[in-house]
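What follows is one structure encoded as structure tokens, with my remarks underneath.
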Amino acid sequence: MLSPEDAELLEYFFIAIKPLVVRAEPFSNTVKRKLAKFSETDKGEQTYNLAAYLIAQLGKNYNDRAIGRIESYGFKQFDTGQTVSKESELYELVQLLRVV
């Protein structure tokens, strides 16, 4: 993503389609109704199973000018995960969803 002001590189990412399981709990009833229209609902588990665009952030500009210029664009966190780097460092992965 480039800054619209000066075309400075803020972050880079890739887009793919991925099956997704989303917990219902963090969302409002309005969002839940929208999710139900294009997903399979598991009422026992209170989850939605759907295909979604995965936007994965591969890198980010930590330059002082770039920090704070990336907005959330209406995404809401619905889950987290963890991964381990080659150097055995633990990283948290934040999963966000935006219903359009």
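Summary of values
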quantity	calculated
Of all residues in segment 26-58 being under 14 Å from ARG98 (Cα atoms) and among the β-branched types (Val, Ile, Thr), the one that is least open to solvent (accessible area, probe 1.4 Å)	VAL31
Test for GLN57: is it of a type in the set (S, T, N, Q) and modelled with pLDDT under 80	yes
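The values are calculated or read from the model by the stated rules, or taken from the named source; none is laboratory data. Fair warning: this is a prediction, and the values are worked out from it, not measured in the lab. Quick note on the areas: whole protein, heavy atoms, side chains included, nothing else; ligands and nucleic acids left out. Shrake-Rupley method; radii C 1.70, N 1.55, O 1.52, S 1.80 Å.
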